[in-house]
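Only one structure is covered here, and it is reproduced in the block below.
The values are calculated or read from the model by the stated rules, or taken from the named source; none is laboratory data. Values in this document were obtained by computation on a predicted structure and should not be read as measured data. Here Cβ is always computed from backbone atoms with ideal geometry, including for glycine, and neighbour counts include all displayed protein chains. Ligands, DNA and RNA are excluded from the accessible area calculation, which covers all protein heavy atoms including side chains. Shrake-Rupley method; radii C 1.70, N 1.55, O 1.52, S 1.80 Å.
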Amino acid sequence: MEKQTIGKSLDSAAGMNNQKNIENNKNNSSVVINRVTDKFSDSKLIIYAHSLLGDDTIVVQPAEIINVMQFLRYDKLLTFDMMIDLTVVDYLGNQQIHPYLSDLRARFEVVYHLYSIDKNHRLRVKAPLMEENAFINSITGIWGGANWFEREAWDLYGIVFQGHPNLRRILLYEEFEGHPLRKEYSKTKRQPLIGPRN
Amino acid sequence: MEEGSFGLGVIDESRSAETVLSDSVVITQLDKIVAWGRKYSFFLYPFVTACCGMEFMSVAGPRYDIDRFGAALPRFSPRQADLLMVVGTISHKQAPILVKVYNQMTEPKWVFAFGSCVVSGGMYNNYATVQGIDSLIPVDVYVPGCPPRPEIVLDGLIKLQEKVETNPNTMMVKGIATVGEADDRKIT
């Protein structure tokens, strides 16, 4: 992986002009980022890409997540054969941290971490989601290991993964109401199965 | 019947049980001898859920060795156990299981709260964690620590032994834990 410089700030690269963002970041990008942005250069699919501190990151349109993931998994130069992690961030009230979130009026961001055992490189893929459309296609068809990660994301954040074979709670009990890691879930709210509500 | 046989006639001091058997026996009360036996033969049920389990292994192993106190034989059926060792964080999802295990234990039975999470919820004051198992079942010994050192566990075990030996309440039947559906009782 080539050495990166921390030249460009996130702010300067963000905005609605996707193509321009990608062009701006080319100087600050890696082999992986170049490969992905070249592949999807003629679409609006990649919202934003950077390689800050050597961590390759792309932000993609949530509706196209399967297309992107298929390419990342099966492309001969990328071969991301391992899904390391899948999690969600709730940016309620903090959307200004990433300007593209404000532009899309997105509240959540599904974060995927991918690794290629063959090529020894990594990539972070982020998909912003609006509160009222908190659903995204499941990637269990590409990486079977995403199954329980998506169940956990559903359990704690209430993100619906469409096409998941068994989308039900994994950590909490079925009687639990709501999704406790959402920012609007009160930190003092308790709903035990038995005993006092302490 | 011949005069002088047991149970009849004049009491012959020279033939009383104490005199005849002299130093061969010790006269005591049944409660005391039973408590003494129980004190040195805990059959514990390890309800291990979290990182405190590592410290439990340490205290059960040869270096600290709870076998010296007669409490080394874990039983993995609550029917055969009389000391419930609750080791590690109890979540609301596990609370019904814990109460079921406690209710399946036969009398007399004792509960050992091992670690801060079991005592009070510890550092977890959130949607998932029971704030102390004494809100569900009666607890005999509280051993805080995150995790507790083996020395304090042994101290707790010795205190429990003293309690078993001296406190007449431990001889009483505790009955099942009467924890029902979730309610709004506050622990003060």
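A few comments on the model shown:
- Pairwise centroid distance, computed over Cα atoms, of segment A:38-59 with segment B:100-133, Å: 50 Å
- Listed residues A:147, A:133, A:34, most fluctuating in chain A (Gaussian network, C-alpha, under 10 Å): A:133
- Annotation: average projected area of chain A is 12.1 square nanometres, based on the convex hull of Cα atoms across all directions.
- Dipole magnitude for segment B:44-166: computed about the Cα centre from +1 point charges on Lys and Arg Cβ and -1 point charges on Asp and Glu Cβ, it is near 340 debye.
- Among the protein heavy atoms of chain A, carbon and sulfur supply 51% of the accessible surface, probe 1.4 Å, non-protein parts ignored.
- Filtered GluC sites (Glu not before Pro), segment A:105-198: DSSP coil and at most 14 other beta carbons within 10 Å: A:131, A:132, A:174, A:175, A:177, A:184
- Note on segment B:41-151: with neighbouring protein chains present and a 1.4 Å probe, carbon and sulfur make up 57 percent of its accessible heavy-atom surface.
- Chain A contacts chain B over a buried accessible area of about 1700 Å², both sides summed; the probe is 1.4 Å and only protein chains count.
- The residues of chain A present an accessible area of 49 Å² per residue when probed at 1.4 Å with all protein chains retained.
- Cα convex hull of segment B:44-166 - mean projected area over all directions, nm²: 6.8 nm²
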